[in-house]
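Presented below is the structure to which this report refers.
Every number in this text was worked out from the coordinates using simple rules, so none of it is lab data. Every value quoted in this text rests on a predicted model; they were computed, and no experiment measured them. FYI the Cβ positions are ideal-geometry reconstructions off the backbone, even for glycines, and counts take in every protein chain you see.
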Amino acid sequence: MKINRICLAILVIMVPAASGLAQDLDIEFAMPSTMVLPGSSFSLDLTIDNTGPAMPDAVLFVALTIGTGDYWFYPSWVQYPPDYDSAHIDIAADSTDTWRVMQEFAWPAGVGEFSGAMFLGAVVHHNELVSNVAQIKFGWTEMPKTYQTISTNSDWVAGSITNVSKSTGFCFNGTAGSTYHIWWDDVSSGSGTCTADVRVSAFHEDKTTAYFRDADNGYNEPGNVIIAPGETSVYVVLTSENHSPGSFRIGVTFFPYSPDKSVNARQATAWMTGDFDSYNQSQQHPAYYNITLRMKWIWPARTDGYWLYVEQAMAGSPPYRQRVYQIRMASGTEVASEVYEFINAADEQNAVGAWADENPLSDLSPVDFELREDCTVFLTREDLDTFMGGTEGKDCASDLNGATYATSEVTLTADQMRSWDRGYNSNDQQVWGAVAGPYIFDKHENFDSGLDL
């Protein structure tokens, strides 16, 4: 054993990555995840990028340390002190090659928790260090002992990774055979408000068999789970990718849109905009008229929700109702549709037919309208295809045909709106509106397809 080789081995360990020594090669480690759970895939690759001449019979040093002063050297993983090992490799000119340093295996259970392990690597040629000193820190953890229950189809749930534990657990309940979408918001891919870098795994009820493991990006591409037959619960584990504390958000939906509050409002608006009528219903039920309903997105630059111009008329007649709706999130996944009336009669008259304009009501703004207090329709996402809801209580005032208050019930899908508007007197007797059930408006044209998700 030559003494200079021993010195080179120690050099691999001691020279920092910012060394001023000449570095002709750029080397970098990669592994599936740097914080692993029992059963996670574990392997180690080293990519060598050479932009210079060939280096035959170069010497590759890779060492594992756990911070105790001991090192284990590839490829035999002999312990230093007292011994070390290295691999002789040929590096071609102008080449990029990846070396499998550690073959893939499933990380075992029952080995505790640790976050201070590190691989170091370097390449020596003709007894000179010709690369940077690559480093990759990793650790391992057991499954969490407790799991916080979260609800599906609700707002984001905030969480954090602490210095004490590098993982945290959540669980949710669902229906066997149904698909659920797990979303997370972190520093690497998210809203910009979270500070943790996390990987996510989802498990069956045995907390061992995985639906998926070590997923890295869940803000735009969720982890999807079809709950196994005979099971109702899914266990979700988040691990810290960068071994440091920080915050994250997590949410679960059974429709393929994230818990971002703007998503449901946007989808409801997309389904509401368009050219509708109740012709089919009027042909089947003489008690119902053929009514046209046109709704067009207005003021697209506004950030306080989505605004619609709404015009309703007996087919072939001037409109009998002109309104403006503001669509926004009320709380969680509940969408609020607030109703506004024109203040100025001339503005209302000038707006007739504006649904056909490219930029309707562009000369007006919300200050030209008055909110109908307590007449807001609240819509909840029932499933992938449906919103349902209505007004709340008896405070939406109406004086039509002797009424004192009005109610609205709405069911909304991509191609149909069912709306049941009714007026009641002070004795809670219905005095106007359909009796047998809601008006059924079929969509014939989608005005604002760009809104759809």
| note | Taking Lys and Arg as +1 and Asp and Glu as -1, residues besides VAL111 with C-beta under 15 Å from its C-beta add up to -1
| query | Which shape class, rounded, prolate or oblate, goes with the stretch 262-451 when its Cα gyration tensor gives a ≥ b ≥ c as root eigenvalues, a/c under 1.5 marks rounded, and past that a/b bigger than b/c marks prolate? | reply | rounded
| note | With the 8 Å Cα cutoff and a minimum separation of six or more residues, the stretch 188-256 has a relative contact order in percent of 43 percent
| field | Over the chain: helical MRE at 222 nm, DSSP H runs n ≥ 4 each giving -39500 (n - 2.57), nearest 500 | value | -2000 deg cm²/dmol
| task | Return a whole-number percent for the relative contact order of the chain, with Cα pairs under 8 Å and 6 or more residues apart as the contact set. | result | 11 percent
| query | Pairing the Cα long axis of helix 261-272 with the longest principal axis of the chain, what angle in degrees results, from 0 to 90 and rounded to the nearest 10? | reply | 40 degrees
| Among (1) 45, 25, 22; (2) 65, 24, 17; (3) 85, 25, 18, the entry that matches semi-axes √(5λ) of the Cα gyration tensor in Å as calculated here | (2)
| said: Explain nothing, just the number: dipole magnitude of the stretch 204-346 about its Cα centre with +1 on each Lys and Arg Cβ and -1 on each Asp and Glu Cβ, in debye rounded to the nearest 20. | reply: 520 debye
| note | Counting only DSSP loop positions in the stretch 66-129, the chymotrypsin sites (Phe, Trp or Tyr not before Pro) whose Cβ has at most 13 other Cβ atoms within 10 Å are TRP77
| said: Give me the dipole magnitude in Debye, nearest 20, for the stretch 180-257 about the Cα centre, with unit charges on the beta carbon: positive for Lys and Arg, negative for Asp and Glu. | reply: 100 debye
| field | Antiparallel DSSP beta bridges within the stretch 148-259, percent to nearest 5 | value | 90 percent
| field | Helix 3-14 axis, angle to the chain major axis (alpha carbon atoms, nearest 10°) | value | 20 degrees
| request: Could you estimate the translational diffusion coefficient of the stretch 240-339 from the Stokes-Einstein equation, with Rh from the Kirkwood formula over C-alpha pairs, at 20 °C and 1.002 mPa s, in whole µm²/s? | output: 131 µm²/s
| Lysine pairs, Cα distance under 15 Å, 8 or more residues apart or cross-chain: how many in the chain? | 4
| query | At what distance in angstrom do the alpha carbon centres of the stretch 207-221 and the stretch 171-198 lie from each other? | reply | 9 Å
| Quick one: Cα centre-to-centre distance for the stretch 105-165 and the stretch 329-406, in angstrom? | 51 Å
